[in-house]
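Trainee: Got a structure here, written out as structure tokens. Questions coming.
The values are calculated or read from the model by the stated rules, or taken from the named source; none is laboratory data. Values in this document were obtained by computation on a predicted structure and should not be read as measured data. Note that we place each Cβ from the backbone using ideal geometry, even for glycine, and neighbour counts take in every protein chain shown. Areas reflect the complete protein model, heavy atoms only, side chains present, ligands, DNA and RNA absent. Shrake-Rupley method; radii C 1.70, N 1.55, O 1.52, S 1.80 Å.
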Amino acid sequence: MNVFDVELQRDEDDPPGYGTDYTRLAPELGASVLAFNVFELPPEQSVCPYHYESGEEEWIIVLTGRATLRTPEGERELEPWDCAFCPAGEEGAHKVTNRTTENVRIAIWSNRSQPATTIYPDSNKVGAWPPGKLFRLDDAVDYFEGEVNR
């Protein structure tokens, strides 16, 4: 498959600021341990909110255009063929945004883990997959809350 020619799709329910076209190549190629996704970001759009994975490493590769990468160290612009590594954990937090007037195409390559958890520091949420749910970290409960000793 050619990453410049793949057919992209869009989730119509994406909120403003997160309207990107994408394709997930791994299932089409038969992969189950690694993920390889291609995203095309129109101007002023981001792939995902600022986040980090608890058990997955991600590589971001700019294919065309100039993408802005936010990390714990701040923001920097990536040019075509620049590659950034986002390790698992807080130090790997990231967000990719197109701050230019032209489309940007990137690839994100990562290992896959099941179950997976993602932390969103700006909104104080955690996501768990499966079941595909998001929770506020402030809603944390004690380990034994609601448990009955039988």
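Trainee: In Å², and per residue, what accessible area does the chain have when probed at 1.4 Å with the other protein chains present?
Mentor: 62
Trainee: Per 0.36 nm of contour for each residue apart, how much would the distance between S32 and A88 grow if the chain were fully extended, relative to their Cα-Cα spacing?
Mentor: The S32-A88 span can extend by a further 18.3 nm.
Trainee: Let me ask something else about it. Hey, quick one: spin label on R10, modelled 7 Å out along Cα-Cβ, who in the range 93-113 has an amide N within reach, i.e. under 19 Å?
Mentor: What the label zone holds, given the 19 Å backbone N cut-off, is 96-107.
Trainee: Let me ask you something else. Work out the FRET efficiency for A107 and A128 from their Cβ-Cβ distance, taking R0 = 30 Å, and round it to the nearest 0.05.
Mentor: Step by step, r from the Cβ atoms, then E = 0.75.
Trainee: Collect residues whose amide H, placed 1.01 Å from N in the peptide plane, falls under 5 Å from the amide H of T100; neighbours closer than 5 in sequence don't count.
Mentor: It is E44, by chain and number.
Trainee: Mind listing the phi-derived Karplus ³J(HN,Hα) values for the range 10-19, rounded to whole Hz, using 6.51, -1.76 and 1.60 with θ = phi - 60°, and x for any glycine or proline?
Mentor: 9, 7, 5, 8, 5, x, x, x, 10, x
Trainee: Sticking with this structure for a sec: For the range 1-50, what is the largest minus smallest coordinate of the Cα atoms on each principal axis, given in angstrom and ordered from greatest to least?
Mentor: 33, 23, 17
Trainee: Using a Förster distance of 35 Å, how high is the FRET efficiency between R150 and S54, based on the Cβ-Cβ distance and rounded to 0.05?
Mentor: Efficiency, from the Cβ-Cβ distance: 0.65.
Trainee: Continuing with the same structure: What are the ³J(HN,Hα) values, in whole Hz, obtained from phi via the Karplus relation 6.51 cos²θ - 1.76 cosθ + 1.60 with θ = phi - 60°, for each residue of the range 85-102 in sequence order, with x given for Gly and Pro?
Mentor: 9, 10, x, 5, x, 3, 5, x, 4, 7, 8, 10, 10, 9, 9, 9, 9, 10
Trainee: Which cross-chain or sequence-distant (5 or more) residues have an amide H under 5 Å from the amide H of D21, H modelled 1.01 Å from N in plane?
Mentor: Those qualifying (amide H under 5 Å, at least 5 residues apart or on another chain) are E40.
Trainee: Provide the FRET efficiency to the nearest 0.05 for the A116-L137 pair, computing r from the beta carbons and using R0 = 22 Å.
Mentor: Approximately 0.85, to the nearest 0.05.
Trainee: With θ set to phi - 60°, apply the Karplus curve 6.51 cos²θ - 1.76 cosθ + 1.60 along the range 38-52 and write out the HN-Hα couplings as whole Hz, x wherever there is a Gly or Pro.
Mentor: After applying 6.51 cos²θ - 1.76 cosθ + 1.60, I find 10, 10, 10, 9, x, x, 6, 10, 10, 6, 8, x, 4, 7, 9 Hz.
Trainee: While we're here: Given the peptides 139-148, 77-86, 38-47, 24-33, arrange them by the average over their residues of other C-beta atoms within 10 Å, most packed first.
Mentor: The most tightly packed comes first, giving 38-47, 77-86, 24-33, 139-148.
Trainee: Something else about it: Semi-axes of the equivalent ellipsoid of the range 46-98: what are they in whole Å, largest first, if each equals the square root of 5 times a C-alpha gyration tensor eigenvalue?
Mentor: Semi-axes (√(5λ), whole Å): 18, 11, 9.
Trainee: Using only the Cα atoms of the range 77-126, each taken as one equal point scatterer with no solvent, compute I(q) by the Debye sum, divide by I(0), and report log10 of the ratio at q = 0.33 Å⁻¹.
Mentor: Result of the Debye calculation: -1.41.
Trainee: How much mean residue ellipticity at 222 nm does the chain get from its helices, if each DSSP H run of length 4 or more adds -39500 (n - 2.57) and you divide by all residues, to the nearest 500 deg cm²/dmol?
Mentor: -500 deg cm²/dmol
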